[in-house]
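Only one structure is covered here, and it is reproduced in the block below.
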Amino acid sequence: MTNDLQREPYPISFDAVYPEQLSRITTLFRLLLAIPVLSFLYLLQGNVVVAGWVVILIRGRWPRWLFDFQVGLNRFSHRAASYFTLITDKYPAFEGPWVVSYEAEFPDRTSRWKLLFWKLIAAVPHIIILFFLSIAAGAVVFIAWWAIVFTGKFPKGLHRFVVGVIRWNARVGAYVMSLTDAFPPFSLDGDARPGDNEALSAAMGGVLTAVMVAAITVGVIAFVQYNGASDDVTVRYQAALDGTLAHDDAFEAMDSVAFNLDGGEDEFASDLIAAPRGHRLVAFNVTMLFAPGRSSLNGGTFDEGTLRLNTTRGTERAILMTVGGVVVTTPRRATADSALGAPLFAVFEVSDDARVTELRAYPSTSSGRHVAWKFE
């Protein structure tokens, strides 16, 4: 059967008549003129191919009416593509003969197992090549646009190349849709025969697919880990109290926000607040700096959960916090002066018998990410 297919022309054909003269005016406004037909195709395409696949899996063949409908839809989409890529300046016709032809031979039988997993994998090398060919064709169409606007002609060699790319894409699309089981040739030519290296292409496609899946998986894992990461810095608590922390110990960056632990006070005393019996007040100074061009990660605002203190008795939220000298109360938020950085002063109430173990700063209270200073 393979030899028979190789002797016959490929069952999917696409060709276009070379236009000796093209309209400068319609070429100049082609993008606008193509919007209605492209919008129509966007609304129409979608479920026909899936319906055909389901029928093939059940019956092993296309219903003739559904096959003809899909071919007709493909024919009109290729007419639209030809108009959009300047191959012709005649507006796409919904039916009847036209300057661009797309034909497909009706298959008596269609392979179920190829439909299930083989075709998409075998087509991967074609898809990769067509990706780069499509970029080249786009550049050619851009050059041709200028040529048509000034001369009214699409250079014949460039025209032949764009037609060949669309033809190759039409063959691969029909193969993946299961309009044919004949493997597409790696060729731009109109008289090319079915390819004879389907197994090799499938092997290459399997390897490339596995590599792409692995790369995407690694990328997703790296992205999740990066965006969910938190940073810990171990410092001496006494140095934090004295304000004598080294710069490397006190500074930690996360995305566009940098936190600098300037110091802290234990047994903090204030005329405004006082710790109840059995408790003491602990205060910290933290500076939140933003990278140039990024005002903040959370709208430039802070609340009582921006800083949290962990002790051996649990986690405490600030009973008093000021940002740039403005008291932050719940639910009210104070906006920071991101150009100069936001100086945060926070007072915590802890038990007398509790040991301070960690201070956390959150760039966004909703994300759960934080910078933590762990005290020895």
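The values are calculated or read from the model by the stated rules, or taken from the named source; none is laboratory data. Here the structure is a predicted model, which is why all the values come from computation and not from measurement. Quick reminder, even Gly has a Cβ in these numbers, built from the backbone with ideal geometry, and neighbours come from all protein chains shown. When the accessible area is computed, the model is the full protein with side chains, heavy atoms only, and any ligands, DNA or RNA have been set aside. Shrake-Rupley method; radii C 1.70, N 1.55, O 1.52, S 1.80 Å.
Accessible area per residue, 1.4 Å probe, Å², for the chain: what's the number?
Normalised by residue count, the accessible surface of the chain is 53 Å².
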At 25 °C and 0.890 mPa s, the Stokes-Einstein diffusion coefficient in µm²/s for segment 31-120, with hydrodynamic radius from the Kirkwood sum on alpha carbon pairs, is 168
Straight-line reach from Lys114: which aspartates and glutamates have Cα under 18 Å away, leaving out those fewer than 8 places along the same chain?
Asp181, Asp196, Glu198
Those helices of the chain passing the 27 Å axial Cα length cut-off and the mean Kyte-Doolittle cut-off of -0.5 (DSSP H runs only) are 64-84, 124-151, 156-177, 198-227
Along the chain, longest interval not containing exposed chymotrypsin sites (Phe, Trp or Tyr not before Pro), exposed being DSSP loop plus at most 16 other Cβ atoms within 10 Å:
187-376
By its C-alpha gyration tensor, with a ≥ b ≥ c as the square roots of the eigenvalues, how is segment 21-178 shaped: rounded for a/c under 1.5, else prolate for a/b larger than b/c, else oblate?
prolate
What's the carbon and sulfur percent of the chain's accessible surface, probe 1.4 angstrom, rounded to a whole number?
62
Cα-centre dipole for the chain with unit charges at Cβ (Lys and Arg positive, Asp and Glu negative), debye to 20
1960
